[in-house]
Amino acid sequence: MIGIIWVVLCKGLIYMKIKQRILITGGAGNIGSSLVRSLILDKHNFVVVVDDLSTGSIDNLPSENIDNYDFVKCNVNRKSEIKSVMSSTKFDVVFHYAAVVGVERTQRYPLKVLEDIEGIKNILNLSLKTGVKKVFYASSSEVYGEPVHIPQNEITTPLNSRVPYAIVKNVGESFFKSYGKKYGMNYTIFRFFNTYGERQNNDFVIPKFLDQALRDEDISIYGDGSQSRTFLHIDDNIEFTLKVLKNGGFANSTVNVGNSHEITIIELANIIIELLKSKSKIKHMPPLKEGDMRRRVPDITEMLKFYNKDLIEIRDGINLLINDRKDKI
């Protein structure tokens, strides 16, 4: 009996210290899980993760015995499921990161991608009803589609999206802006450009290339590899996000979150081969029918005004991933 009372008292002391209750949807993914791990370092935060684990992994998340963290398996597109979570805890902040991701997956299951619109509506409506103070939305560079001009600016670059994933992200942005105007909802839209990190799965180019190169297998590239991208290391993404959360930047607005250093896919493959001293060769695959934009480069002027820090260079970032993989072998 004394032991039970002691546990209850300890839990009570923990909850007394909580100043901010945070919900992260899609929190078992690359960006979401890294955000979780950073937020729970501050014991004044209580973080709840919801994820249906369709693309995320439970292995990305902290162990269950952390006092200021909880995980609920939940599909945000089903109102009854997410409603039970948001009704039971009065959240101050919501990060809506849940989505069907991966170029091949989103092309294979376009109708499933469209279901994510329901999740966006559920999060917005429940945030209003439960008194959430701020909602962050993970949009994507995909909304720009084939570039009209480079670099791609939040205000001046037209949105040229055509594939279902990009259209849903664009629709989501419109919902957030409309809820902001009609209901005064406080929001920030992050347009994420390729963020890579140690918890990213092989649906994405850098971990896919790394695993192929580590096994000395051929590195498969769609088309001739001249398509270009920019890559932001997860540490920069999370540090920027935490700074926005703490200081209230980009209220009711949209910001590109990425790196402006442009690199072709074939250059990326060769860098990975070089850094690993791999015996892998380049293997060219037929180009994807759609969704593989020729160029994608963000204008990160607004991000850097706020972040004011040098971003991790691609070689340094890949070396961090290589060291992480070697530590796990």
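The values are calculated or read from the model by the stated rules, or taken from the named source; none is laboratory data. Predicted model, so just to flag it, every value in this text is computed and none were measured. Note: ideal-geometry Cβ built from the backbone for every residue, glycine included; neighbour counts use all protein chains shown.
Could you tell me whether any residue of the range 169-178 is among the hydroxyl-bearing types (S, T, Y) and under 22 Å from the mean Cα position of the chain (by Cα)?
Taking every residue of the range 169-178 in turn, at least one turns out to be among the hydroxyl-bearing types (S, T, Y) and under 22 Å from the mean Cα position of the chain (by Cα).
Could you figure out which of (1) farther than 16 Å from I265 by Cβ; (2) in contact with an Asp or Glu (Cβ under 8 Å, 6 or more places away or on another chain); (3) without any contact (Cβ under 8 Å) to a residue 12 or more places away in the chain isn't true of N202?
(1)
Which condition number in (1) of a type outside the set (F, W, Y); (2) surrounded by fewer than 18 Cβ atoms within 10 Å (Cβ to Cβ); (3) at pLDDT 95 or above is the one that K326 fails?
Every condition holds for K326 apart from (3).
Can you give me the ranges of the helices (runs of 4 or more DSSP H) entirely in the range 184-289 with at least 2 residues that are more than 17 Å from the chain's Cα centre (by Cα) and farther than 17 Å from R315 by Cβ?
Correct list: 205-214, 234-247.
Of the residues in the range 19-35, how many are over 17 Å from E198 (Cβ atoms), touching a residue at least 60 places away in the same chain (Cβ under 8 Å) and out of contact with any Ser or Thr (no Cβ under 7 Å at 6 or more places or on another chain)?
Residues meeting the conditions: 6.
Name the single residue, out of those in the range 53-70 being closer than 20 Å to Q200 by Cα and of a type in the set (V, I, T), that is modelled with the lowest pLDDT.
Residue satisfying both the conditions and the ranking: T55.
Here is a list: K129, K181, K121. Which entry is within 23 Å of S87 (Cα to Cα) and over 21 Å from the mean Cα position of the chain (by Cα)?
None of the others qualify; the one that does is K129.
Please determine whether any residue of the range 113-128 is modelled with pLDDT under 95 and among the hydrophobic types (A, V, I, L, M, F, W, C).
yes
Consider the range 175-188. How many of its residues are touching a helix residue (DSSP H, G or I) at 6+ places or on another chain (Cβ under 7 Å) and on the phi > 0 side of the Ramachandran plot?
0
Any chance you could count how many residues in the range 33-52 are under 14 Å from K246 (Cα atoms) and not hydrophobic (A, V, I, L, M, F, W, C)?
Total meeting the criteria: 4.
Would you be able to say whether some residue in the range 45-52 is among the polar types (S, T, N, Q), touching a helix residue (DSSP H, G or I) at 6+ places or on another chain (Cβ under 7 Å), at pLDDT 95 or above and over 27 Å from K208 (Cα atoms)?
Within the range 45-52, one or more residues are among the polar types (S, T, N, Q), touching a helix residue (DSSP H, G or I) at 6+ places or on another chain (Cβ under 7 Å), at pLDDT 95 or above and over 27 Å from K208 (Cα atoms).
Do you know which of the residues in the range 290-305 that are in a loop (DSSP other than H, G, I, E, B) and among the aliphatic types (A, V, I, L, M) is modelled with the lowest pLDDT?
Out of the qualifying residues, it is M293.
Kindly list, by first and then second residue, each pair from a residue in the range 76-89 that is surrounded by fewer than 14 Cβ atoms within 10 Å (Cβ to Cβ) to a residue that is part of a helix (DSSP H, G or I), limited to pairs with Cβ atoms under 7 Å and residues at least 6 apart or on different chains.
Qualifying pairs under 7 Å: S87/T130.
Hey, any hits in the range 212-230 for a residue that's in contact with a Gly (Cβ under 8 Å, 6 or more places away or on another chain) and on the phi < 0 side of the Ramachandran plot?
Within the range 212-230, one or more residues are in contact with a Gly (Cβ under 8 Å, 6 or more places away or on another chain) and on the phi < 0 side of the Ramachandran plot.
Just need a number here: residues in the range 41-69 that are outside any loop (DSSP other than H, G, I, E, B) and exposed (fewer than 15 other Cβ atoms within 10 Å of the Cβ).
2
Among the listed residues S139, S38, identify the single one that is crowded, with 22+ Cβ neighbours inside 10 Å, small (G, A, S), touching a residue at least 60 places away in the same chain (Cβ under 8 Å) and within 30 Å of L321 (Cβ to Cβ).
S139
Return the pair list, or none, for Cβ contacts closer than 6 Å from residues in the range 282-303 that are within 30 Å of A251 (Cα to Cα) and touching a residue at least 24 places away in the same chain (Cβ under 8 Å) to residues that are charged (D, E, K, R) and surrounded by fewer than 14 Cβ atoms within 10 Å (Cβ to Cβ), at least 6 apart or on different chains.
M293/E146
Within the range 260-268, can one find any residue that is surrounded by fewer than 18 Cβ atoms within 10 Å (Cβ to Cβ), acidic (D, E) and either in contact with a Leu (Cβ under 6 Å, 6 or more places away or on another chain) or at pLDDT below 95 (or both)?
no
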